Structures are given as structure tokens and as C-alpha cells.
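Inspection log for the structure reproduced underneath, given as C-alpha cells.
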Amino acid sequence: MDEKSYYSRLLIALLMVLCFGVIVLQYICPTSDCQLLHLASLSSRLGSRAPGDRMNGAGAGDPYSSEDGALVRFVPRFNFTTKDLNRAVDFNIKGDDVIVFLHIQKTGGTTFGRHLVRNIQLERPCECHAGQKKCTCYRPGKRDTWLFSRFSTGWTCGLHADWTELTNCVPSYMSNRESQERRGIPSRNYYYITILRDPVWRYLSEWRHVQRGATWKASKHICDGRLPTLTELPSCYTGDDWSGCSLEEFMACPYNLANNRQTRMLADLSLVGCYNLSIMSESQRWVMLLESAKRNLRNMAFFGLTEYQRKTQYLFEQTFRLAFIAPFTQLNGTRAASVEVEPETQRRIRELNHWDVELYEYARDLFLQRFQYARQQERREARQRRLQERRKLRAKVKPWWGVTGKAVFKPTKEPSMTEQYPAFSEENQADTGQKLESETEGQVEDNWLEEDDNETILDYLENVEQWR
């Protein structure tokens with residue numbers, strides 16, 4: 001009876017301890033999500049992480065691989081040269097170099113343009129004042145601008161000037177601003193940059209913008225030194241604006257410049273006779289425009305994608321060796337995202353923007369390959385720095401290990417080489433000592449480099465990343 005009583009009291013005590021533990025756990029971590037988080041953390045510590053998922057690598061701690069939501073493996077479709085992928089430029093902000101921002105409508109260019117004037121760490125930051133649309137972006141010690149954009153120089157070459165307009169307008173504009181004593185200086189370096197966006201969502205965003213009454217009447221569309229005629233570039237509406245238009249009306253206008261806007265704005269329009277549609281067939285015209293847009297995009301110093309904000313920030317910083325103060329934010333709650341569009345309507349929009357769809361797929365492939373290449377270069381440089389530091393440390397540690405220019409391993413109680421083989425001269429004996437010393441140092445270096453070899457394998461595994 002006493003034994004049963006003892007076990008009963010022991011069971012009650014255990015139950016009380018269990019209840020007390022549950023109460024404490026609920027007090028410290030009241031939600032089930034928190035408890036599951038602890039369990040997941042515990043499982044990761046027990047070795048459930050995938051190979052290469054180091055905290056300082058491309059695993060869970062990598063902000064670039066986690067920004068895109070649902071991830072799938074990125075498989076390159078296009079072959080690019082090293083020159084196409086390595087876009088680091090020697091941008092000299094203290095010299096005469098100029099960054100030119102080609103701002104395509106409804107691609108997030110306004111946000112990116114504000115980053116350029118307000119969010120870059122500079123020796124002489126841009127001066128932006130409340131109530132003023134433009135900022136003053138002078139070089140250190142000079143009254144000369146290093147940035148040509150909406151928020152620095154304004155719409156100097158026309159509202160949302162395209163590649164054809166900018167490449168003809170910017171150099172002459174900057175030359176006219178130079179003082180007389182500076183006009184003998186060799187020509188500047190102009191680094192063109194832009195932002196692209198998924199064609200369907202960009203198109204919907206432009207429709208909503210026009211629906212609210214916005215127009216781009218101030219756009220000049222200058223090509224080959226002249227403005228287009230009304231016959232070459234007719235309007236889709238008769239009043240002051242196109243406010244209140246439905247999506248069907250917006251899609252039905254054959255002259256709507258929203259169709260394939262990104263391809264047209266990035267291409268050299270002079271190759272196809274500007275806006276004169278009678279020179280060649282429509283299909284031939286767009287094939288030439290697409291190839292021109294791809295070529296200009298490849299040769300640009302930098303371009304970003306609205307759908308990849310953090311990667312856009314990273315590539316800009318790597319290209320120009322400039323750092324942003326605050327990280328970019330991926331915002332998906334745009335007006336276009338709030339529009340419910342039927343699948344059939346989306347299909348029609350893709351057909352209307354067929355050339356933009358091709359351009360965007362090409363740009364996305366190039367963008368992700370550039371990002372991958374830049375990350376590989378960054379890891380390689382970091383590995384080289386670690387290797388140099390270890391070599392310096394090895395040079396300091398060698399004397400402690402007996403590697404001081406003399407043979408470490410000396411034969412004991414063994415006949416000399418001259419006793420065993422009389423023909424073995426003293427010169428050969430000295431050569432043997434040197435070989436022994438070099439082999440010893442090689443063993444020491446191999447031990448030090450073994451960790452680097454392992455890190456190389458880990459870096460390779462890290463490079464097999466997930467992409468959207």
C-alpha cells in the first residue's frame with residue numbers, strides 16, 4: 001500500500017512539473033507560430049540545412065535569394081560574353097563622367113530616380129529642398145552635375161525622352177553648360193541606365209494612369225532632328241485627355257504608344273525611319289527595333305528590373321562602386337496589382353506587347369546572369385583576400401615549425417648517402433637537402449590551403465541558387 005502511494009505521489013509530481021513547464025512555455029512564447037519557430041531552429045542546428053546554406057553565404061541569411069517569393073531554379077536561355085556580364089565601370093564622380101537615366105513610364109523609375117538623388121552615400125550629397133522638384137547634384141569641389149535625370153536636370157531633353165532623343169540631346173546639352181575654358185577637354189563618358197518592368201503590369205499601370213487624366217503631351221519624340229507629324233503619330237483621343245477610358249478602349253487604339261513602349265524607347269528609331277511607317281513592313285520594323293533595343297540594353301552601363309529591387313540595388317552598387325544608404329524595398333501593392341484582369345485579357349495584352357515580352361525575357365535573363373556573375377566575382381575576391389591573410393600569417397608561423405631554411409627531417413643512425421653510394425657527391429647531397437626543404441614547406445602550405453579548398457567547394461554549392 002505504501003509502494004502504491006509512493007508511485008502515485010511521484011506521478012502527481014511529474015504531472016505538476018509538466019503542467020508548470022507548459023505554463024512557462026505559454027507565458028514566454030504564447031503563440032503556436034513561435035513554438036514552431038523554436039522547433040525549426042532546433043532542427044536546423046541538428047543538421048537539417050542544405051549544403052552551402054551558411055549564414056554568411058547564399059542561404060537563409062542572403063537577402064537577394066529571398067526577395068522574390070516563390071523561387072525556382074534559374075536556367076539561362078541566352079549566351080552572353082564576359083564583357084556583357086562584367087559591367088563594372090570606372091565612374092569618376094570627381095572628373096567629367098555623367099550618369100544618364102532613361103526613364104520609361106510606369107516602370108518604377110520615379111522611385112529609382114529619388115534613390116539616385118536622396119539615397120546614395122556621397123562626399124557631396126545632392127541638395128534637395130522641400131517644395132522643389134529638382135535637386136542639385138554637384139561634384140565635390142565643382143559646380144558641375146554628375147547626374148542627368150528628372151530629379152536633377154529635369155526634362156531637359158523632353159518628357160520621358162527615349163534612347164534616340166537622349167543620345168542626341170545629352171552631349172550637346174552638357175557641352176553648352178561647360179565654361180569656355182573647359183571646352184577643350186576631351187569628351188565625357190556618358191553612362192546610360194534604365195529600369196524595365198514586366199510588360200503586362202507596366203501596360204495596366206499606364207492604363208490606370210491615363211484613366212486618371214494623365215497625358216504625356218509634352219513629349220517631343222524628336223528623331224533625326226524633327227518632330228513627328230500628326231499623320232505619323234496620331235492621337236487616341238480628341239479632348240484634352242483620355243480620362244475615364246476603359247481598358248477595352250485603351251487596348252483598341254492602334255496608335256497607342258503604350259504598346260511595346262519599352263522596346264521602342266530603348267531602340268534607335270532612326271534605323272527604321274523614325275515614326276514613318278511607310279518605309280518598311282510592320283513586322284520588319286519591329287524585328288529591327290527589338291534587335292536594336294537588345295543591343296542598346298547590353299551596352300548600357302546598368303539596367304534594373306522592377307520585380308527585383310534588392311538585386312537592382314546590388315548591381316548598381318557593384319557597377320558604379322557607389323553605396324546606397326537605405327536598402328531598396330520590394331513593393332507589390334501597386335495600382336496595377338489591384339486590378340483584377342481575366343486570363344483572356346492578360347493574353348490579349350501580351351499579344352499587343354509581343355515585342356516587349358520578348359525584350360523583357362531577354363533582359364531578365366541578362367540581369368540574372370549579371371547578378372550571378374557579380375556574386376561569383378565578389379566571393380572570388382573575398383577568397384583571395386582570405387588567402388593573402390593566411391599566407392602572411394603562415395610567414396610569421398613558419399619559424400615556430402622549424403622551417404627556417406634547413407632540412408627539418410634529419411636521418412638518425414642511418415649511413416650517409418656517400419657511405420652507401422660513394423659516387424654520390426656533396427653537391428647531390430646539397431640538392432637533396434633543398435628538395436627536402438621544399439617538400440616540407442609544400443606540406444605546410446597544403447595544410448594551410450586545405451581549408452581554402454573546402455571553402456571553394458562550399459562557394460560552388462552556394463552558387464547553385466534559387467531564382468524566381
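Against the conditions (1) free of Cβ contacts under 8 Å to residues at least 24 places away in the same chain; (2) exposed (fewer than 12 other Cβ atoms within 10 Å of the Cβ); (3) not in a helix (DSSP H, G or I), where does ALA218 fall short? Just the number, please.
The single condition ALA218 does not satisfy is (1).
I'd like to verify a number: residues in region 317-331 that are part of a helix (DSSP H, G or I) and touching a residue at least 24 places away in the same chain (Cβ under 8 Å), how many? Steps first, answer last, please.
Residues of region 317-331 that are part of a helix (DSSP H, G or I), as a first pass: 317-320.
Subset that is touching a residue at least 24 places away in the same chain (Cβ under 8 Å): 318-320.
The total comes to 3.
Considering only residues that are open to solvent by 80 Å² or more (accessible area, probe 1.4 Å) and closer than 10 Å to ASN259 by Cα, which ones fall in region 342-353?
Once the filter is applied, which keeps residues that are open to solvent by 80 Å² or more (accessible area, probe 1.4 Å) and closer than 10 Å to ASN259 by Cα, region 342-353 yields ARG350, GLU351.
Is it the case, given these coordinates, that VAL357 is β-branched (Val, Ile, Thr), out of contact with any Ser or Thr (no Cβ under 6 Å at 6 or more places or on another chain) and in a loop (DSSP other than H, G, I, E, B)? Please lay out each step first, then the result.
Working: β-branched (Val, Ile, Thr): yes; out of contact with any Ser or Thr (no Cβ under 6 Å at 6 or more places or on another chain): yes; in a loop (DSSP other than H, G, I, E, B): no.
When the stated conditions are applied, VAL357 does not pass them.
Taking region 100-117 only, how many residues are among the hydroxyl-bearing types (Ser, Thr, Tyr) and more than 23 Å from GLN211 (Cβ to Cβ)? Full working, then the answer.
Filtering region 100-117 down to residues among the hydroxyl-bearing types (Ser, Thr, Tyr) leaves 107, 110-111.
Restricting the remaining residues to those that are more than 23 Å from GLN211 (Cβ to Cβ) gives none.
Here the count works out to 0.
Just to be sure I understand, how many residues within region 91-116 are within 20 Å of TYR314 (Cβ to Cβ) and either of a type in the set (A, V, I, L, M) or at pLDDT below 95 (or both)? Please lay out each step first, then the result.
Restricting attention to region 91-116, the residues satisfying the condition of being within 20 Å of TYR314 (Cβ to Cβ) are 91, 93, 99, 101, 107-109, 111-116.
Still in the list and also either of a type in the set (A, V, I, L, M) or at pLDDT below 95 (or both): 93, 99, 116.
Selection size over region 91-116: 3.
Before we move on, is ASN256 over 17 Å from TRP355 (Cα atoms), at pLDDT 95 or above, part of a loop (DSSP other than H, G, I, E, B) and more than 31 Å from the chain's Cα centre (by Cα)? Please lay out each step first, then the result.
On the way: over 17 Å from TRP355 (Cα atoms): no; at pLDDT 95 or above: yes; part of a loop (DSSP other than H, G, I, E, B): yes; more than 31 Å from the chain's Cα centre (by Cα): yes.
No; evaluated as a whole, the condition is false for this residue.
Assuming MET174 fulfils every condition listed in (1) at pLDDT below 95; (2) open to solvent by 20 Å² or more (accessible area, probe 1.4 Å) apart from one, which condition is it?
(2)
Restricting to helices (runs of 4 or more DSSP H) lying wholly in region 109-211: which have 3 or more residues that are over 21 Å from the mean Cα position of the chain (by Cα) and not hydrophobic (A, V, I, L, M, F, W, C)?
Numbers: elements: 109-118, 163-177, 199-211.
Once the helices (runs of 4 or more DSSP H) in region 109-211 are filtered for at least 3 residues that are over 21 Å from the mean Cα position of the chain (by Cα) and not hydrophobic (A, V, I, L, M, F, W, C), what remains is 163-177, 199-211.
Could you grab the pairs with beta carbons closer than 7 Å, sequence gap of 6+ or different chains, first residue in region 121-150 and small (Gly, Ala, Ser), second one outside any loop (DSSP other than H, G, I, E, B)?
Partner pairs satisfying both residue conditions: SER149/PHE101; SER149/GLY113; SER149/LEU116.
Determine whether LEU271 is open to solvent by 50 Å² or more (accessible area, probe 1.4 Å), in contact with a Ser or Thr (Cβ under 7 Å, 6 or more places away or on another chain) and on the phi < 0 side of the Ramachandran plot. Step through it out loud before you land on a result.
On the way: open to solvent by 50 Å² or more (accessible area, probe 1.4 Å): yes; in contact with a Ser or Thr (Cβ under 7 Å, 6 or more places away or on another chain): yes; on the phi < 0 side of the Ramachandran plot: yes.
Taking the combined requirement at face value, the residue satisfies it.
Looking at (1) more than 30 Å from ALA323 (Cα to Cα); (2) open to solvent by less than 30 Å² (accessible area, probe 1.4 Å); (3) outside any helix (DSSP H, G or I), which is the one condition that is false for GLY304?
(1)
Report the residue count in region 279-320 for those that are over 12 Å from PHE367 (Cβ atoms) and hydrophobic (A, V, I, L, M, F, W, C).
Of the residues in region 279-320, 10 are over 12 Å from PHE367 (Cβ atoms) and hydrophobic (A, V, I, L, M, F, W, C).
Would region 283-293 turn up any residue that is modelled with pLDDT of 95 or more and either in a loop (DSSP other than H, G, I, E, B) or among the aromatic types (Phe, Trp, Tyr) (or both)?
Step one: filter region 283-293 for residues modelled with pLDDT of 95 or more, giving 283-293.
Subsequent filtering for residues that are either in a loop (DSSP other than H, G, I, E, B) or among the aromatic types (Phe, Trp, Tyr) (or both) retains 286.
Scanning region 283-293 turns up at least one residue that is modelled with pLDDT of 95 or more and either in a loop (DSSP other than H, G, I, E, B) or among the aromatic types (Phe, Trp, Tyr) (or both).
The values are calculated or read from the model by the stated rules, or taken from the named source; none is laboratory data. Keep in mind it's a predicted model, so treat the numbers as computed, not measured. Glycine gets a Cβ as well: all are built from the backbone with ideal geometry, and neighbour counts include every protein chain shown. Calculation scope for accessible area: heavy atoms of the full protein, side chains included, ligands and nucleic acids excluded. Shrake-Rupley method; radii C 1.70, N 1.55, O 1.52, S 1.80 Å.
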